[in-house]
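Here's the structure, in structure tokens; my notes come after.
The values are calculated or read from the model by the stated rules, or taken from the named source; none is laboratory data. Quick caveat: nothing in here was measured; it's all calculated off a predicted structure. Here the Cβ is made from the backbone with ideal geometry for all residues, glycine too, and neighbour counts use every protein chain on show.
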Amino acid sequence: MQAQLQEKPGAAVEQENALTIRRVSDLTGVPPHTLRFWERVMPHVLKPQRTAGGQRRYDRQAVECVLEIKRLSEVHGYSLAAIGRRLKAEVAFSSPPPSVSREVDIRSDLIDSIVLEITALLKERLLRFLQYSPSENEQEQTSYEP
């Protein structure tokens with residue numbers, strides 16, 4: 001996400017990994033009730049972790065997501081539905097499912113082995129070509145005279 005964390009004046013930066021909804025509200029300028037609403041309408045995009053007591057805890061990625069939602073809404077005028085679709089697509093493309101990653105690894109290994117085989121064949125043929133010396137009869141037939 002492109003947005004950077006920017007605090008409101010007077011708010012102290014915490015170095016914790018998990019921030020409360022109030023702290024996220026202070027950092028981003030988005031009211032807590034709006035954060036809860038965004039979480040309800042875009043659960044696939046904004047899903048803070050929960051404590052054992054059910055309180056929300058936001059990590060840095062969630063805070064950056066909040067800032068991106070705010071930017072897309074305020075600066076670009078996107079609807080929440082459009083923001084949800086856009087960010088869902090970004091999330092989907094940013095981390096492929098493990099099965100896709102395994103398939104990519106398998107195919108990459110296969111391609112690497114094919115490239116090695118082709119390289120070995122080309123080297124072998126090049127060596128044969130360089131060691132080849134045509135007979136005198138062949139040299140006369142292949143020589144070029146203007």
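Arg36 - would you say it is part of a helix (DSSP H, G or I) and either under 14 Å from Val91 (Cβ atoms) or touching a helix residue (DSSP H, G or I) at 6+ places or on another chain (Cβ under 9 Å) (or both)? Judged against the criteria, Arg36 is a match.
Contact map, region 31-46: first residue in the same structural domain as Lys88 (by the TED database) and basic (Lys, Arg), second residue buried (at least 16 other Cβ atoms within 10 Å of the Cβ) and part of a helix (DSSP H, G or I), Cβ cut-off under 9 Å, separation 6 or more or different chains; pairs are Arg36/Ile21. Considering Leu35, Leu46, the condition of being at pLDDT 90 or above, in contact with a Cys (Cβ under 7 Å, 6 or more places away or on another chain) and not polar (S, T, N, Q) is satisfied by Leu46 alone.
Determine, yes or no, whether Ser79 is more than 25 Å from Asn17 (Cα to Cα) and modelled with pLDDT of 90 or more. So Ser79 passes the test. Within region 60-95, the set of residues being outside any helix (DSSP H, G or I) and surrounded by 15 or more Cβ atoms within 10 Å (Cβ to Cβ) comprises just one member, Tyr78.
When residues of region 17-44 are filtered for being aliphatic (A, V, I, L, M) and touching a Lys or Arg at 6+ places or on another chain (Cβ under 6 Å), how many remain? Number of matching residues: 3.
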